[in-house]
Amino acid sequence: MRAAVLREYNAPLSIETVADPACPDDGVVLKVEACGVCRSDWHGWVGEHPKVKPGQIGGHEYCGEVIEAGPRAKHKVGDMVVAPFILACGSCPSCQSGAQNTCPNQRLPGFVEPGAFAEYVAVPFDHNLSLLPEGLSATVAAGLGCRVTTAWHGLTGRAGLQTGEWLAVHGTGGVGLSALILGQALGARVFALMSSLKSLSTPNPSGRSMSLTPATATLARGSKSLRAAVRRSRWRLLASRRPSTARSNVWPPWGGTSNWACPPAIPLRWRSTWPLSIKAT
């Protein structure tokens with residue numbers, strides 16, 4: 001099969017012919033229909049991810065058709081499925097308690113094992129796969145198993161977001177935009193904090209959310225004063241880099257060293273008057 005192989009950090013991927021993947025006993029082989037590109041792929045490409053070494057085939061946001069199934073597989077040849085980026089074993093104490101993301105036996109195609117930047121990918125523990133609903137394209141579905149599930153778990157499994165609550169989303173990358181869309185679908189009152197005025201040009205799915213930037217603390221959308229709204233509501237803060245401290249009043253660019261747990265666009269003197277509730281990271 002053809003695959004995009006990491007041979008050297010910070011260099012173009014090498015398009016090569018490599019061996020087809022063997023089918024796991026408890027899994028399947030997929031013909032890849034679509035595969036997303038994640039920020040984690042970039043971290044591996046530049047050498048920052050500890051598990052990604054030269055020779056790795058990346059790609060962990062994938063959707064495809066089952067072309068081979070092992071004797072203990074749950075899916076059959078011809079099924080169109082979408083994958084989460086963590087393949088949990090399903091039988092350990094973590095999995096049985098609902099914390100599959102901490103499964104000690106998890107498998108990680110794209111990081112440790114060959115991923116989906118290829119024509120075919122082997123998927124063990126295929127009980128993690130979900131059938132692709134009719135009407136959902138493979139290119140859309142491929143992005144669901146990483147950024148969208150991360151946002152969903154943060155909002156529902158960790159924060160317990162409720163209808164009518166305020167949701168502050170820090171940054172509008174893949175996870176941030178997913179959190180914004182899901183927060184609105186859950187009935188929350190959403191606003192996003194962004195690192196620059198340029199970010200305000202990011203398309204808004206509904207037009208109902210607010211946006212703040214560190215330079216201006218401008219309320220870009222919404223009809224009511226943010227201060228008044230927050231006094232009446234609890235904040236559910238997501239995606240803070242280190243939630244234990246809040247010693248920076250300036251939004252740190254990614255890669256910076258400042259720690260923050262509160263909205264950095266807002267003057268520090270205001271923060272003590274607002275009930276902050278750190279629910280998820």
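General observations
- Taking amide H as placed 1.01 Å from N in the peptide plane, Cys63 has its amide H under 5 Å from the amide H of Glu33, Ala34, each at least 5 places away in sequence or on another chain.
- With a cut-off of 14 Å between beta carbons, the residues surrounding Arg72 carry a summed charge of -2, where Lys and Arg count +1 and Asp and Glu -1.
- Taking other C-beta atoms within 10 angstrom as a stand-in for reagent exposure, Tyr62, Tyr120 fall in the order Tyr120, Tyr62, fewest first.
- Calculated FRET efficiency, Val140 to Lys53, Cβ-Cβ distance, R0 = 41 Å: about 0.85 to the nearest 0.05.
- Separation of the Thr102 and Glu119 label points, Cα + 7 Å toward Cβ, nm: 4.2
- Integer Hz, Karplus 6.51/-1.76/1.60 couplings in order for the stretch 9-16, x for Gly and Pro: 4, 6, 10, x, 5, 8, 7, 10
- As a rough guide to protection, the peptides 174-181, 161-168 ranked by mean Cβ packing within 10 Å, highest first, stand as 174-181, 161-168.
- Once the C-beta distance of Asn10 and Val112 is scaled by a Förster radius of 22 Å, the resulting FRET efficiency is 0.60 to the nearest 0.05.
Every read-out reported here was derived from the displayed coordinates using simple, explicitly stated rules and does not represent laboratory data. None of these values were measured; they are calculated from a predicted model. As a convention, Cβ positions derive from the backbone with ideal geometry for all residues, glycine included, and neighbour counts pool all protein chains shown.
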